[in-house]
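Colleague: Sharing a structure below in structure tokens format, with a few things to ask.
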Amino acid sequence: ELCEKNKSSNATFMVVGHTDNVGTDEENMALGLARAKSVARILTSNGIAANRIQTSSKGKSEPVADNSTDQGRQQNRRVVITVNR
């Protein structure tokens, strides 16, 4: 639905990967970036031009839940897509 709505627009996308706190800072930055790039590939395969997508990683630096529980760590492993119109 996101791609269909924005396929023919000039919207740009910021795709940011996040991780839990397991592993080193370097590992988490790389994992977050890999997550973001994976989502970016899905966007391009659904008609969004690659030059309209930027990817980055926040690693473990911006948790949304408590990393001391399995459920919290699961919530922190995510990708956030921001659409700029």
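The values are calculated or read from the model by the stated rules, or taken from the named source; none is laboratory data. Remember, predicted model here, so these are calculated numbers, not experimental data. Accessible surface is based on the protein model in full, side chains and every heavy atom, while ligands, DNA and RNA are left aside. Shrake-Rupley method; radii C 1.70, N 1.55, O 1.52, S 1.80 Å.
Colleague: Determine which aspartates and glutamates satisfy two conditions relative to Lys60: a Cα distance under 16 Å, and not lying fewer than 8 residues away in the same chain.
Modeller: Here the aspartates and glutamates satisfying the reach criterion relative to Lys60 are Asp20, Asp25, Glu26, Glu27, Asp70.
Colleague: Please work out the ratio of the alpha-carbon Rg of the chain to 2.2 N^0.38 Å and round it to two decimals.
Modeller: 1.17
Colleague: On the accessible surface of the chain, probed at 1.4 Å, how many percent belong to carbon and sulfur atoms?
Modeller: It is 49 percent, rounded to a whole number.
Colleague: Here is a follow-up. Pairing the Cα long axis of helix 25-45 with the longest principal axis of the chain, what angle in degrees results, from 0 to 90 and rounded to the nearest 10?
Modeller: Rounded to the nearest ten degrees, it is 30.
Colleague: Of all beta bridges DSSP finds with both residues in the chain, what is the antiparallel percent, to the nearest 5?
Modeller: Taking every DSSP beta bridge with both residues in the chain, the antiparallel ones total about 55 percent.
Colleague: Per residue, how much accessible surface does the chain expose to a 1.4 Å probe? Answer in Å², no decimals. Write down the numbers at each step before the final one.
Modeller: Working: 5280 Å² over 85 residues.
I get 62 Å² per residue for the chain.
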